[in-house]
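Just below is one structure, and these are the notes that go with it.
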Amino acid sequence: MSHRPLRLPTRFGALLFLGTSIWLLMPAAWASKADRTQPIDVAANEKVTDYKNGTSIYTGNVIINQGSLHATGSKATLYVKDGQLIRAVLEGSPATFQELDDKGLLVKGDANNANYLATEQKVILTGNAHLFRQGDTLDSQQITYDMKAEVVQAGGKAGGERVHVVIQPRNKDQTKSAEPNSTPSTTQSGSDTPSLSPEKPTSAPKPTQP
């Protein structure tokens, strides 16, 4: 019996509370690059639009949807050109963001401020920032995630700012990189990050023939 492909609904009001299993079953066609061709759906209590400069400011329980992109905040400033979302700046307690990357993997994040650069496929989370990908979590005061290059950068400010990473175990069929190209400067709170591939024990020497 043939199975119809799972289609993504146009509204995701309760998505954050219904779990991520549906997202993980979605085909990669709904990845971030394909999202740019989808309509922009925004709901808020109030809106002020400057058509000349291509900006819209939404306030009060803001919800933004475009393809697999789902973002929320208490305030959002959208920059749109020729009907295309160029940038979205969200503020909230927290502002939230989630989207499927080009590999169909769910990326979620939240922070006091979220700067989403749509054309660059990049998100910058600032202030109590958290990032989730493939079950792994990253906590820092600032996180920059480049979904196109699969590179994440966290911390790095002077003053001893800490970065906390939790990496889930993988099997051979899962992605080897538990954290997207983590930078060598990332510092763990507590002990060092355990190796994803433990060293193989050296084989014992063969006995000498008489």
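Quick notes on this structure:
- Working note: Debye formula, equal point scatterers on the alpha-carbon atoms of segment 46-91, no solvent; log10 I(q)/I(0) at q = 0.16, 0.22, 0.25, 0.31 Å⁻¹ is -0.39, -0.73, -0.92, -1.22.
- Neighbours of Asn113, meaning other residues whose beta-carbon lies under 14 angstrom from its beta-carbon, give a summed charge of 0 when Lys and Arg score +1 and Asp and Glu score -1.
- Amide H partners (placed H, <5 Å) of Gly155, local residues excluded: Gln141, Gln142
- Between Val48 and Lys33, the distance separating the two model label sites (each 7 Å from Cα on the Cα→Cβ line) works out to 3.9 nm.
- Student exercise, segment 22-166 dipole from Lys, Arg, Asp, Glu Cβ charges, in Debye to nearest 20: 180 debye
- Computed FRET value (nearest 0.05) for Gln168 with Lys148, which takes r as the C-beta separation and R₀ as 25 Å: 0.60
- Karplus-derived HN-Hα couplings along segment 66-72 (A = 6.51, B = -1.76, C = 1.60, θ = phi - 60°), whole Hz, x at Gly and Pro: 7, x, 7, 6, 9, 9, 9
- When every Cα-Cα distance of segment 22-166 is counted in 10 angstrom steps from zero, the calculated P(r) takes the values 12, 42, 34, 10, 1 percent.
- Working note: Karplus 6.51/-1.76/1.60 with θ = phi - 60° gives segment 85-96 the couplings 6, 9, 7, 9, 10, 10, 10, x, 10, x, 8, 10 Hz, where Gly and Pro are set to x.
- Each of Gly54, Asn115, Ala154 was scored by the projection of its Cα onto the charge dipole of segment 22-166, and the greatest displacement toward the positive side belongs to Gly54; charges sit on the C-beta of Lys, Arg, Asp and Glu.
- Using the Cα coordinates of segment 77-124, the gyration tensor eigenvalues translate into equivalent-ellipsoid semi-axes of 17, 16, 7 Å, sorted from longest to shortest.
- 3J(HN,Hα) couplings calculated from phi for segment 162-169 with the Karplus curve 6.51 cos²θ - 1.76 cosθ + 1.60 (θ = phi - 60°) are, in sequence order, 9, 10, 10, 10, 10, 10, 7, x Hz; Gly and Pro show x.
- Net charge, Ala95 excluded, C-beta distance under 13 Å - Lys, Arg +1, Asp, Glu -1: 0
Computed from the coordinates by the stated procedures, all read-outs in this text should not be read as laboratory data. These numbers were taken from a predicted model, which means no experiment stands behind them. Here the Cβ is made from the backbone with ideal geometry for all residues, glycine too, and neighbour counts use every protein chain on show.
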